[in-house]
Amino acid sequence: MKTLSIWQPYASLIAIKAKQYETRGWATKYRGPLLIHAAAKSPAAVYKILDNDVVGEIEKALAPLGSTSENIGHLRAKCLPLGKVIAIANLTDCIEITPAFAASVSAEERAFGDWTLGRYAWKLESVNPLPFFIPAKGQQGIWNFQTDKINEKGEYTQ
């Protein structure tokens, strides 16, 4: 199944439906189911380069909401899952970022991505967290996650 590795906290923001677009420097013609893989990179490195206002928006979005699902709770915790497939989405569009398009999305959405003109916003719909997170080594670009390589412990073996 097609998979995209995304740094935390952005992967969790997608999984909890707080982020509807994944911004990238490249376009894709692919449309369809897409697994969301939380890359192994520490979110601390991401937080270091963000403005305090953006960090505050992210922390507010990831604040616990008393969910009964253990995995949803982990997506919203300070200790975000790393190196795991965490959600599935439907990639429905890939839109070049223009001034008009960037102005059409919410300020929160713009805070959760790089909306530099000329980049691309990948529209993610029908997002659902997985019932269990699957450890996997990520890759660059869109890559194929082979579901037949999930062992009896729910681990992905390459």
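Points worth noting:
- Count of the stretch 102-114 residues, restricted to those that are open to solvent by less than 30 Å² (accessible area, probe 1.4 Å) and in a loop (DSSP other than H, G, I, E, B), is 3.
- Flag if ILE58 is modelled with pLDDT under 95, assigned to a helix (DSSP H, G or I) and farther than 25 Å from GLY141 by Cα: no
- Looking across the stretch 84-101 at every residue that is surrounded by 18 or more Cβ atoms within 10 Å (Cβ to Cβ) and of a type in the set (Gly, Ala, Ser), the one that is modelled with the lowest pLDDT is identified as ALA87.
- Every listed requirement among (1) modelled with pLDDT of 90 or more; (2) more than 13 Å from PRO9 (Cβ to Cβ); (3) open to solvent by 60 Å² or more (accessible area, probe 1.4 Å) is met by ALA27 save one, (3).
- Enumeration of residues in the stretch 17-43 that are under 20 Å from ALA136 (Cα atoms), out of contact with any Ser or Thr (no Cβ under 8 Å at 6 or more places or on another chain) and assigned to a loop (DSSP other than H, G, I, E, B): ALA40, LYS41, SER42
- Selection within the stretch 116-141 - exposed (fewer than 15 other Cβ atoms within 10 Å of the Cβ) and assigned to a strand (DSSP E or B): GLU125, SER126, ASN128, PRO131, PHE132
- Residue list for the stretch 1-15, filter: surrounded by fewer than 21 Cβ atoms within 10 Å (Cβ to Cβ) and within 13 Å of GLU108 (Cβ to Cβ): none
- Residues of the stretch 93-130 that are of a type in the set (S, T, N, Q) and touching a Gly at 6+ places or on another chain (Cβ under 9 Å): THR98, THR116.
- Of the residues ALA40, ALA18, the single one that is open to solvent by 60 Å² or more (accessible area, probe 1.4 Å), at pLDDT 85 or above and small (Gly, Ala, Ser) is ALA40.
The values are calculated or read from the model by the stated rules, or taken from the named source; none is laboratory data. Predicted model, so just to flag it, every value in this text is computed and none were measured. Here the Cβ is made from the backbone with ideal geometry for all residues, glycine too, and neighbour counts use every protein chain on show. These accessible areas exclude ligands, DNA and RNA; they are computed on the full protein's heavy atoms, side chains included. Shrake-Rupley method; radii C 1.70, N 1.55, O 1.52, S 1.80 Å.
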